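Colleague: I am attaching a structure below and will ask some questions about it afterwards.
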Amino acid sequence: MASSEMARHLKRENIRSLTMSGHVGFESLPDQLVNRSIQQGFCFNILCVGETGTGKSTLIDTLFNTNFEDYESSHFCPNVKLKAQTYELQESNVQLKLTIVTTVGFGDQINKEESYQPIVDYIDDQFEAYFQEELKIKRSPFTYHDSHIHVCLYFISPTGHSLKTLDLLTMKNLDSKVSIIPVIAKADTVSKTELQKFKIKLMSELVSNGLQIYQFPMDDDTIAKVNAAMNGQLPFAAVGSMDEVKVGNEMVKAGQYPWGVVQVENENHCGFVKLQEMLICTNTEDLREQTHTRHYELYRRCKLEEMGFTDVGPENKLVKSYRPNLSTLRDFTKKRE
Ligand code: GDP
């Protein structure tokens, strides 16, 4: 909670603030949390959705500055599949279990009407696995591997025109299940002025189609300013490349073309650094939190309502019928067996 919000909260609750005469020690609470988190390690799951060849694997390699195993996919998959790979990464003493889930064959079929379905199913399967774990009498919250998708990087082809029906349809079916960050892929293939126009067009199309994309949070004073500025820069124009080119005395990650060099980490050349900062340095924890408090909650609520459960309202009155729908419950139990 941001400090100003905390002050307001304290005032509202009329909590007594006591003056203590000596050191007690609870000021170390944040350190205890940090130490425990470092010991447990972190987990982050990214879903990359985009047509074959839009640069998904290259961008992920560039974001984490490592070569993940990857196999080039052909354009001949009969349907869309998802490929998940988990890696253990370490930066100083922080360990990260990173899962990259990528679409294979997305956009390659003649009939693309159902292309979003395997992606929706994959996300729901992860929610369902957690839901089942929650329902167990003996739960193992500490050993349970969190496989929820925390963010979806949606790769938009750099056509300079508008969103394709496939993109609109897919994002529409995903936006209530996952936080979407749209990314203009291979942004070096569009000119600077065209890119600006393309960004404005994409954003207005997203708005007019009622699509919800992830907004960097502004409730924490320390990052509110930068997050607000970044919300205005969406979608990020990304360039990925693991190739190194000598610029001045330095070797930098860049794409080399007959007419010049595009430096991946140069903010005048593309939005890679902004994406990396927002995704990995500033808002990772918020993305994880949103997954649990917003997207999983919605899944859980629908699931419980489907089973016939409702909440108890004020004065202990039932909001709807409290009695679970027994036939749904029976089907559900059978499925679990
Ligand atoms: P994926 O199928 O979406 O995973 O795409 P890949 O990452 O395999 O990239 C497909 C091709 O595009 C490769 O030849 C990459 O070198 C190239 N590529 C990837 N990212 C970029 C980029 O940002 N700009 C340009 N010009 N080419 C890129």
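Nothing in this text is a laboratory measurement; each read-out follows from the coordinates by a stated rule. The structure displayed is predicted, hence computed values, not measured ones. No Cβ is skipped: glycine too gets one built from the backbone with ideal geometry, and neighbour counts run over all protein chains shown.
Colleague: Excluding residues on the same chain fewer than 8 positions from Lys164, give the aspartates and glutamates whose Cα lies under 19 Å from its Cα.
Modeller: In chain and number order, the partners are Glu51, Asp108, Glu113, Glu114, Asp175, Glu194, Glu205.
Colleague: How much length is gained if the chain between Leu168 and Asn79 is pulled fully straight, taking 0.36 nm per residue apart and subtracting their Cα-Cα distance, in nm to one decimal? Before the final figure, lay out each step's value.
Modeller: Values: separation 89, 0.36 × 89 = 32.04 nm, distance 1.87 nm.
Using 0.36 nm per residue and subtracting the Cα-Cα distance, I get 30.2 nm.
Colleague: Students often forget the sequence filter, so: which aspartates and glutamates lie under 13 Å Cα-Cα from Lys199 once same-chain residues fewer than 8 apart are removed?
Modeller: none
Colleague: Work from the charge dipole of the chain (Cβ charges, +1 for Lys and Arg, -1 for Asp and Glu, about the Cα centre) and give the residue of Ser176, Thr66, Cys281 farthest towards its positive end.
Modeller: Positive-end residue among those listed: Ser176.
Colleague: Could you please report the charge total around Leu211, scoring K, R as +1 and D, E as -1 over all other residues with beta-carbon less than 11 angstrom from its beta-carbon? Please list the in-between numbers first.
Modeller: Numbers: positive: Lys172; negative: Asp167, Asp175, Glu205.
Once positives and negatives cancel, what remains is -2.
Colleague: Determine, from the Cβ-Cβ distance of His145 and Met307 and an R0 of 22 Å, the FRET efficiency 1/(1 + (r/R0)^6), rounded to the nearest 0.05. Mind dumping the intermediate values first?
Modeller: Working: r = 25 Å, r/R0 = 1.15.
The pair His145/Met307 has a calculated efficiency of 0.30.
Colleague: Could I ask something else about it? In debye, nearest 20, what is the charge dipole magnitude of the chain about its Cα centre with +1 on Lys and Arg Cβ and -1 on Asp and Glu Cβ, if you could check?
Modeller: On the way: 37 positive and 45 negative charges, 206 e Å.
For this selection, approximately 1000 debye.
Colleague: Taking only Cα atoms and a 10 Å spring cutoff, compute GNM fluctuations for the chain and point out the largest among Arg288, Arg301, Arg36.
Modeller: Arg36
Colleague: For the pairs Lys83/Lys186; Lys112/Lys201; Lys81/Lys197, flag any whose C-alpha to C-alpha distance is greater than 30 Å.
Modeller: Numbers: Lys83/Lys186 22 Å; Lys112/Lys201 23 Å; Lys81/Lys197 33 Å.
The answer is Lys81/Lys197.
Colleague: Can you give the extra length, in nm with one decimal, that the chain gains between Met20 and Gln256 once fully stretched, where that is 0.36 nm per residue apart less the Cα-Cα distance?
Modeller: Net length gain for the segment: 78.6 nm.
Colleague: Next question, about the same structure. List Phe106, Phe131 from most exposed to least, where exposure is judged by having the fewest other Cβ atoms within 10 Å. Walk me through the numbers before you get to the answer.
Modeller: Numbers: Phe106 28, Phe131 15.
Lowest to highest Cβ neighbour count: Phe131, Phe106.
Colleague: State the percent of C-alpha pairs, over all pairs in the chain, separated by a distance greater than 38 angstrom.
Modeller: Values: 14885 of 56616 pairs.
Of the Cα pairs, 26 percent sit more than 38 Å apart.
Colleague: Arranged by the count of other C-beta atoms within 10 angstrom, fewest first, what order do Ser157, Ser21 take?
Modeller: Working: Ser157 20, Ser21 5.
If I rank by nearby Cβ atoms, fewest first, I get Ser21, Ser157.
Colleague: How high is the relative contact order of the chain? Use alpha-carbon pairs under 8 Å, at least six apart in sequence, and give a whole percent.
Modeller: On the way: 461 pairs, mean separation 51.0, N = 337.
Relative contact order for the chain comes out at 15 percent.
Colleague: Counting only helical runs of four or more DSSP H residues, what would the 222 nm mean residue ellipticity of the chain come to if each run contributes -39,500 (n - 2.57) and the total is spread over all its residues? It would help to have the intermediate numbers written out before the result.
Modeller: Details: 11 runs with 122 residues, N = 337.
Computed mean residue ellipticity for the chain: -11000 deg cm²/dmol.
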